[in-house]
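Below is one structure; the comments refer to it alone.
The values are calculated or read from the model by the stated rules, or taken from the named source; none is laboratory data. Since this is a predicted model, take the numbers as computed values, not measurements. When we count neighbours, we look across all protein chains shown, and the Cβ atoms used for this are built from the backbone with ideal geometry, even at glycine.
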Amino acid sequence: MDIISLQNPRVKNVVKLREDKRQRQREGLILVEGWDEISMALASGHLRPHTIFTAPELVSRQMNGINSEVLTVNRAVFEKMSYRENPDGWLALFPTPQISLENLKLSDNPLMIVAESVEKPGNLGAILRTADAANVDALLVCDPRVDLYNPNVIRASRGAIFSVACIETSNQDALDFLRAYKMKILSATPQADTLYTDVDLTQPLAIAVGTEDNGLTDFWLKSADVNVKIPMLGKVNSLNVSIATALITYEALRQRS
């Protein structure tokens, strides 16, 4: 074993990176835990791990082709670093992905998602999974309340954060980008009169969604080319933001096919 002490400085640093966004930003590193998630990061083709920690006692699958520092640790050390209930013995430190609006490449008929001020890691992760499944061009996380590279976002996304172009940006910069590419902006709000299925979604499109509590701000509601709603036939007036995003995104796919 390379590390068996819970007091090892490198173990303590991993814990700091796990818990502190500012520490992650200072070091330019993110935590990725789990065989599947690390494999997704490696498969992206542009990320190479800084360090990989592995606990042989917990490992059930091997990882091949690693060209980075690999440190073995015992179970107790790994569980101290881990943020999962049932860790699988794989945890890696990766450099923070560097993606910006300036170097974002879009398809000929782009489909994008704009998530404004989403505050729950689970919701953002679920939106990322939808974005991956639907092969959207990018997810713009505007005025975020949760760190895009929070370990819980990475976990909830099941590694999709590494297969989708994800960019943290301001509302205004996102709008300027979408206008420059002449993209139709659709905002989802329960107060709209038009059903999302009654709108043409076949052209270059950005789907804007907001928080569950307050929805989108006036910035996007007034900037949108069309506001749409999802029919709500019960007593609750809105859906979980990740579910609403999935419904509209897949309606766009249906129309385009």
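General remarks:
- Residue match in the stretch 43-56 (condition: free of Cβ contacts under 8 Å to residues at least 24 places away in the same chain and either on the phi > 0 side of the Ramachandran plot or not β-branched (Val, Ile, Thr) (or both)): yes
- Answer residue from the stretch 92-133, given it is in a strand (DSSP E or B) and under 25 Å from Phe219 (Cα atoms) and is farthest from the chain's Cα centre (by Cα) among those: Leu111
Per-residue answers, yes or no, for (1) at pLDDT 95 or above; (2) surrounded by 15 or more Cβ atoms within 10 Å (Cβ to Cβ); (3) in contact with an Asp or Glu (Cβ under 6 Å, 6 or more places away or on another chain):
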| residue | (1), (2), (3) |
| --- | --- |
| Met1 | no, no, no |
| Lys16 | yes, no, no |
| Val32 | yes, yes, no |
| Phe53 | yes, yes, no |
| Met63 | no, yes, no |
| Asn67 | no, no, no |
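- Pairs linking a residue in the stretch 96-125 that is under 13 Å from Leu140 (Cα atoms) to a residue that is surrounded by fewer than 16 Cβ atoms within 10 Å (Cβ to Cβ) and of a type in the set (D, E, K, R), with Cβ atoms under 9 Å and 6 or more positions apart or on different chains, are Leu101/Asp173; Leu101/Asp176; Leu111/Arg256; Ser117/Arg145; Val118/Arg145.
- Among the residues of the stretch 142-159, those that are outside any loop (DSSP other than H, G, I, E, B) and crowded, with 23+ Cβ neighbours inside 10 Å comprise Cys142, Val153, Ile154.
- In the stretch 34-47, the residue that is nearest to Val164 (Cα to Cα) out of those that are at pLDDT below 95 and in a loop (DSSP other than H, G, I, E, B) is Ser44.
- From the options Asp213, Asp173, residue that is among the acidic types (Asp, Glu), within 15 Å of Glu116 (Cα to Cα) and either touching a residue at least 12 places away in the same chain (Cβ under 8 Å) or not in a loop (DSSP other than H, G, I, E, B) (or both): Asp173
- Options Leu139, Leu178, Leu186: the member that is crowded, with 18+ Cβ neighbours inside 10 Å, in a helix (DSSP H, G or I), at pLDDT 95 or above and touching a strand residue (DSSP E or B) at 6+ places or on another chain (Cβ under 9 Å): Leu178
- Residue, surrounded by the fewest Cβ atoms within 10 Å (Cβ to Cβ), within the stretch 232-242, restricted to residues that are touching a residue at least 40 places away in the same chain (Cβ under 8 Å) and hydrophobic (A, V, I, L, M, F, W, C): Met232
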